[in-house]
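The values are calculated or read from the model by the stated rules, or taken from the named source; none is laboratory data. The model shown is predicted, which means the values in this text are computed figures rather than measured ones. Here the Cβ positions follow ideal geometry from the backbone for every residue, glycine too, while neighbour counts run over all protein chains shown. All accessible areas refer to the heavy atoms of the entire protein, side chains included, with ligands and DNA or RNA removed. Shrake-Rupley method; radii C 1.70, N 1.55, O 1.52, S 1.80 Å.
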Amino acid sequence: MPLRLPDKLPAIDILKHENIFVMDESRAHTQMIRPLKIVILNLMPLKVTTETDLIRLLSNTPLQIEINFMKLRSHTPKNTPIEHMKMFYKDFSVLSEQKWDGMIVTGAPIEQMAFEDVEYWQEITGIFDWARTHVTSTLYICWAAQAALYHFYQVPKHPLEKKRFGIFPQTPLDPLLPIFRGFDDVFMMPHSRHTEVWRSDIDKVDALRVIAEGPESGVSMVMAREGREFFITGHLEYAPDTLDKEYKRDAGKRDDVELPKNYYRDNDPAKGPLVTWRSHANLLFNNWINYYVYQETPYNINEIK
């Protein structure tokens with residue numbers, strides 16, 4: 001089944017060129033199906049890129065999914081036209097009146113700031129609290145994962161000596177978990193961050209469970225509340241060229257920019273990226289939707305609690 005997306009969302013045309021079946025709201029309303037309702041709080045600066053990356057993965061499921069985008073009142077994006085935000089995004093105050101089968105909170109380029117110094121910290125922690133009683137399962141990605149771990153469980157973040165940048169191998173620590181159904185013994189995950197969370201801090205919290213980690217990248221996935229919360233420190237949603245664009249944007253302009261590890265063919269940017277994470281990215285999002293959203297959420301969405 002297709003995704004139900006807001007009419008005229010730019011991702012629709014992009015994904016149709018990739019032969020991905022998406023459906024705008026006008027057509028979707030003609031089908032008598034109770035779709036899964038997913039809300040995305042998109043904190044990334046390039047909104048259209050992140051929208052497309054996430055929709056691409058969410059489309060790989062036989063279930064019909066309705067996507068809505070949330071924005072913050074306390075922050076105005078600088079890299080996305082106001083018209084786009086007004087047309088496709090709604091304030092939390094509007095969306096909070098509903099309950100949701102699933103929620104995704106993205107990363108944000110503010111990881112080197114103290115959490116309390118973030119201009120929208122009060123608003124976003126209120127959203128985190130709200131999600132616990134209004135959403136069946138929530139994915140927190142990159143900065144959002146660190147922020148939610150800190151807010152809920154007082155897990156601190158730690159600065160890295162240099163940016164963790166590239167594609168790194170991860171090991172599922174409990175391969176029998178439904179989130180890892182169909183996974184290999186090792187899977188690859190893109191990372192692009194200046195901070196990390198430590199296993200030693202997480203292990204002190206009984207409610208948290210590290211479920212994937214890598215020898216070089218450290219903790220990559222944490223689960224809480226039996227799958228109602230997942231914290232992912234990397235970016236499985238990244239498109240093949242995302243790290244390439246980031247590297248070329250920053251090379252020569254910052255002193256902490258190195259070639260992304262395990263990314264370019266023969267470590268040569270001229271040869272382009274070697275994509276090694278896409279199949280597991282699709283599996284993870286499909287497993288999340290199936291086992292932690294669809295099979296756990298009540299038919300009457302208002303019964304979520």
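A few comments on the model shown:
- Based on protein heavy atoms only, the chain ends up with 47 Å² per residue of surface accessible to a 1.4 Å probe.
- Phi angles across region 291-296 convert, under the Karplus curve 6.51 cos²θ - 1.76 cosθ + 1.60 with θ = phi - 60°, into 3J(HN,Hα) values of 8, 10, 10, 4, 7, 10 Hz, Gly and Pro given as x.
- Glu229 long-range amide H proximity, modeled H, under 5 Å: Thr138, Ala224
- For Val135, distant residues with modelled amide H under 5 Å away: Trp100
- Peptides 90-102, 194-206, 126-138 ordered by average Cβ neighbours within 10 Å, highest first: 126-138, 90-102, 194-206
- Lysines with Cα under 26 Å of Lys37, excluding same-chain neighbours fewer than 8 positions away: Lys8, Lys16, Lys47, Lys71, Lys86, Lys90, Lys99, Lys305
- Inter-site label distance for Asp184 and Ile82 at 7 Å from Cα along Cβ, in nm: 4.9 nm
- Carbon/sulfur fraction of accessible area - the chain, other protein chains in place, 1.4 Å, %: 50 percent
- The label point for Asn60 and the one for Asp129, both projected 7 Å from the Cα toward the Cβ, are 3.7 nm apart.
- Shape category assigned to the chain from the gyration tensor of Cα positions, a/c cut at 1.5: rounded
- Each residue of region 81-98 was assigned a 3J(HN,Hα) from its phi angle through the Karplus expression (A = 6.51, B = -1.76, C = 1.60, θ = phi - 60°), giving x, 4, 4, 5, 5, 5, 7, 10, 10, 10, 5, 4, 4, 7, 6, 5, 6, 10 Hz with x at Gly and Pro.
- Cα-projected label distance for Glu258 with Tyr120, points at 7 Å along beta-carbon direction, nm: 3.2 nm
- Electrostatic dipole magnitude of the chain [Cβ: Lys, Arg +1; Asp, Glu -1; Cα centre; debye, to 20]: 500 debye
- Between amide H atoms placed 1.01 Å from N, distances below 5 Å from Tyr89 occur with no residue 5 or more places distant or on a separate chain.
- Within the straight-line cut-off of under 23 Å between alpha carbons, the lysines reachable from Lys204 are Lys157, sequence neighbours fewer than 8 places apart in one chain being disregarded.
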